[in-house]
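Below is one structure; the comments refer to it alone.
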Amino acid sequence: MEERCCAAVMRVLVLQAAWALAGGQVRYSVPEEAKAGTVVGRLAQDLGLEAGEAEARRLRLVAQGRRASVEVSGASGALLVSSRLDREELCGKSAPCALRLEVLLERPLRVFHVELEVTDINDNAPIFPAARKNLSIAEFTTLPGSRFPLEGASDADIGANAQLSYTLSPSKHFRIEEENSNSRSKSLFLVLTKALDRETIPVHRLVLTATDGGRPSLTGTMELVISVLDANDNAPQFNQSVYNVYLSENAIQGTIVARMNATDLDEGTNRDVKYEIDTIVPPRASDLFSIDANTGEIRLTGVLDFEEINLYDLNVKATDKGTPPLSGHCKVVVEVLDVNDNAPEVWVTSLSVPVSEDASVGTVVALLSVSDRDSGENGRVRCWVWPASPFGLEATFAGSYSLVLREALDRERVSEYEVEVRAEDGGAPALGARRGLRVPVSDVNDNAPAFAQAVYTVLARENNAAGAELARLWARDPDEAGNGRVSYSVWEGGAGGGGGWRAASSYVSVDAESGRLWALQPLDYEELQVLQFEVRAVDAGEPPLWGNATVQLFVLDENDNAPALLPPAGPAPEAGAAAAEAAGAGSVVAKIRAVDADSGYNAWLRYELWEPRGKGPFRVGLYSGEVSTARALDEADGPRQRLLIVVRDHGEPARSATATLSVSLVEAAEAALAAAPGPGGAASAATNVWLVVAICAVSSLFLLAVVLYVASRWAPRAAVLSGPGPTTLVCASEVGSWSYSQRHSRSLCVADGAAKSDLMVFMSLPEFWCLEHKINASAV
């Protein structure tokens, strides 16, 4: 700024000198934009006025039509800048810019003309008509060298300050070119130096700078916005060449698989893109996917199955609407993710049944294959057997298992197993499968036949028909088929008798298949009371096994023998008895003796007086057979009585025998002689007494032995009694001794004497004969 002031002062001095040379006209020069108060010239001095005279003579400027930018100082008479001087505002582009001023001196009145030249400084930068210039140039079709006219900048300054030069911001596609023409201004052109590519640079933004010649120079700029017009020279391009999509196999129809995005560097219709699925691999999946032609959304239109196809390749094409249309391509890889939608599957590839019950532990029963169509944890399967015994699973290799025997088998305990192989995958939730196996166990002959009882007690009535069934024996063999088919036979045993030893097979036989025990001949209790033998049961296995059972056959007595009257105990010339006329009531006249070959009730005899009926002079002991007087005899009873006595057993039906007794009445002296016992009679009575004692002792021992035998044989188990009828009780005597009817019995009578009860013992005894007088007997 100081430099500018110095330059102004020098110009004033030069003008003053020139004015002085001109002969009276005052000329001044001042640069524009001089500050207010700047001294333009010493006007009073230049007008020849003395110091102080300018104020006294009132030196002033005559007002022009507008406010002057200069004024005269009243004190010093100097011409001063009063306000901003703008040459461009005062003179525009005119040069030089001179202001004509009139100076008035009032005392005396005098007018002076002063010329003030406002000189230009470079205070205005070049200005373009617009800050931005838009141009449109077609790509590729506009050739290099093409020129596009531009309107240049203007500068309000003049002279060198207004001389402009142009520069363009760096660009390899454009340059600026000036050309002189006949007109005052230069022509300005934008020249294309390289073909344009809209897709590379769609808009070029350049800055055109105009620089004036001032010192320092000022510049002005204009932005050139060059839009490159499009040609369909670009195909649509996807933002990815490969789209990787993961889709769950249980995705529902309508699920968005992917959104395609293809861009076309062109514009207008050249960049409008439509989408389509070009190809799908595998081709049979063409109905699974669809694409929206405008948005590029790919949707699922079918059902996915990971186990069938787990990977799809979709080739998608994007085509623009240019002429000719161009296309871009990309690949969509759809990977299907597995879900646990398949349960494990169990197959039996081999089954070796039946399994022998003596198979060793570790024997392979079946081969199984287990698989799951899912993958990963969803396809990882674990297997087990239920129930856990006696079989187990062993893995042989992936997906294959062996069903093996873990414990010994027993067909008789379990003949068939229902085994269930269970499988479960590792999905969440887990899916399972079951496969049932029927494993029969084959038999081996490892069980011998066993009877239900070790000892069978069989009751059979005598006189049974030949071939009659006595009992049924049954032996159980838990084996099957031939190993469990049992045949029976009488093995050993028999009975001894009067005819010697006889084998059991001569009395009984057993059916080999049914075990039916039947009689070969009628049984006679009086001949055979007990038959003991063994029956053997043999199976048909290889080798055969067997078991035995003991059979005790008791023959039950039937009332098949009538009572038999015994002859008198002593010699008697006739069948009769003598009674003294003076005999009192209760005197024993005679004794009827009878025996029955049967036993028990069937051999228990009773005596009844059949004739005469009513109140006769005699009576008979019901069980003793003693004939005694019922009252005292007298002559009115007659010299001879005929008694009819019936001996009857207790069988069903009862059998009987009759005896006729003739009783003659004699004198008392004869009766006494007849009743007096002789030496032989006393001896016989004593012998009978001892026999009775011996029989009682033997009977007691026999009964004790029987009780002990029964306790030892039957106490641990209940004997099965089989026979035609139930066991019955019989009374042995009047005093009430009881025993079972299957016991053998015999009658024992004592000799003549006082009235006493008979004694019956149930055992086999030799027959004893008692003496009776004059008895006639008949049996029924």
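Computed from the coordinates by the stated procedures, all read-outs in this text should not be read as laboratory data. Treat the numbers as computed from the prediction; the structure is a model and nothing was measured. Note that each Cβ is placed from the backbone with ideal geometry, even for glycine, and that neighbours are counted across all protein chains shown.
Distance from a point 7 Å along Cα→Cβ of residue 303 to each backbone N in segment 222-251: keep the residues under 14 Å and list them by number. Once the point is set 7 Å along Cα→Cβ of residue 303, 249-251 turn out to lie under 14 Å by backbone N, inside segment 222-251. Note on residue 615: lysines with a C-alpha under 22 Å away, same-chain residues under 8 apart excluded, are 591.
Take the eigenvalues of the Cα gyration tensor for segment 237-337, scale each by 5, and report the square roots as semi-axes in whole Å, largest first.
Numbers: eigenvalues 148, 26, 24 Å².
Semi-axis lengths for segment 237-337 are 27, 11, 11 Å.
If you put +1 on each Lys and Arg Cβ and -1 on each Asp and Glu Cβ, how big is the dipole of segment 450-556 around its Cα centre, in Debye rounded to 20? Let's see the in-between values first.
Values: 7 positive and 14 negative charges, 29 e Å.
Result for segment 450-556 is approximately 140 debye, rounded to the nearest 20.
Kirkwood analysis of segment 63-158, using all unique Cα-Cα pairs, places the hydrodynamic radius at 18.0 Å.
Which of 133/186; 133/321; 93/186; 194/274; 93/133; 274/331 have a Cα-Cα distance over 23 Å? Write down the numbers at each step before the final one.
Working: 133/186 18 Å; 133/321 32 Å; 93/186 17 Å; 194/274 33 Å; 93/133 26 Å; 274/331 16 Å.
Flagged as over cut-off: 133/321; 194/274; 93/133.
Tell me, what is a quarter of the convex hull surface for the C-alpha atoms of segment 346-502, in nm² with one decimal?
Details: hull surface 58.3 nm².
Directional mean of the projected Cα hull area for segment 346-502 stands at 14.6 nm².
Distance from the Cα centroid of segment 296-334 to that of segment 610-657 is 136 Å (rounded to whole angstrom). Restricting the calculation to alpha carbons of segment 125-182 gives Rg and Dmax of 14.1, 43 angstrom.
Where Rh denotes the Kirkwood radius from the mean inverse Cα pair distance, what is Rg over Rh for segment 238-289? Computed over Cα atoms, the ratio is 1.04.
Of 257, 234, 222, which is farthest on the positive side of the dipole of segment 200-275, counting Cα position, with +1 on Lys and Arg Cβ, -1 on Asp and Glu Cβ, and the Cα centre as origin? The one lying farthest along the dipole's positive direction is 222.
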